[in-house]
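I have placed the structure first, in the form of structure tokens, so that the comments after it can refer back to it.
The values are calculated or read from the model by the stated rules, or taken from the named source; none is laboratory data. Fair warning: this is a prediction, and the values are worked out from it, not measured in the lab. Neighbour counts run over all protein chains shown; Cβ positions are idealised from the backbone, glycine included. Side chains included, ligands, DNA and RNA excluded: accessible areas come from the protein's heavy atoms. Shrake-Rupley method; radii C 1.70, N 1.55, O 1.52, S 1.80 Å.
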Amino acid sequence: MTNITYVDSSDKIIGYGSRDEAINDGIIHRIVRLLVFNSNGEILIQKRSHKVKMPNKWDQSAGGHVDEGEGYEAAGKRELLEEMGIETDNISFITKFYTEKRDSDGVTRRFNSLFALHGYDGKITVDNDEVSGYKWISPEKLARWMSERPEDFTAGFLKTYDEYTNLKS
């Protein structure tokens, strides 16, 4: 298992370790999230596999932890390739935000860095261990679906999409 990047409250690297250790000990760590848009302006969303945390929930196009020795952008490109089979150097930084969530596993404290890929109409090859399906959806339909059935989505994606839409308004 690869170590993830631990940071302080200013997002400065303080070390590396496991995801479980970060959550058990409440250590702030880095995560990257990606939104992929096609030439029609639709957003690619993925349905999480039954093999991962929050199974069968809809999520952003790709995302994951920033590994040891990796920056946010490199992690984003890696996650996009691993999860959706999309290889690109064309992602752009959108925003960074902090989240904190308590649950039965512990406290999850994260700096989330959001990137976007625009105008992608290429092939998608999902990693079946992480993704059970995907779809392209208009921003309007996605917003309506999220409003009517938030339980269909990961909490992280709901927060991420809210951050994204607040920047666009």
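Summary table below
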item: Answer residue from segment 128-147, given it is touching a helix residue (DSSP H, G or I) at 6+ places or on another chain (Cβ under 7 Å) and within 24 Å of H29 (Cα to Cα) and is surrounded by the most Cβ atoms within 10 Å (Cβ to Cβ) among those; result: V131
item: Some residue of segment 158-167 being in contact (Cβ under 8 Å) with a residue 12 or more places away in the chain, of a type in the set (S, T, N, Q), open to solvent by less than 60 Å² (accessible area, probe 1.4 Å) and part of a helix (DSSP H, G or I); result: yes
item: Selection within segment 96-135 - acidic (D, E) and under 13 Å from the mean Cα position of the chain (by Cα); result: E130
item: Conditions (1) in contact (Cβ under 8 Å) with a residue 40 or more places away in the chain; (2) over 21 Å from K12 (Cβ atoms): number failed by R102; result: (1)
item: Condition check for E83: within 15 Å of the chain's Cα centre (by Cα), in contact (Cβ under 8 Å) with a residue 40 or more places away in the chain and more than 25 Å from W145 (Cβ to Cβ); result: no
item: Any strands (runs of 3 or more DSSP E) falling wholly within segment 88-138 and containing at least 3 residues that are in contact with a strand residue (DSSP E or B) (Cβ under 8 Å, 6 or more places away or on another chain) and within 22 Å of K51 (Cα to Cα); result: 131-137
item: Residues (surrounded by fewer than 14 Cβ atoms within 10 Å (Cβ to Cβ) and over 20 Å from K135 (Cα atoms)) located in segment 72-94; result: A74, D89, N90, S92, F93
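One line per residue, one yes/no per condition, for (1) assigned to a loop (DSSP other than H, G, I, E, B); (2) at pLDDT 95 or above; (3) crowded, with 18+ Cβ neighbours inside 10 Å:
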position	(1), (2), (3)
V32	no, yes, yes
G41	yes, yes, no
Q46	no, yes, yes
H50	yes, no, no
K53	yes, no, no
N56	yes, no, no
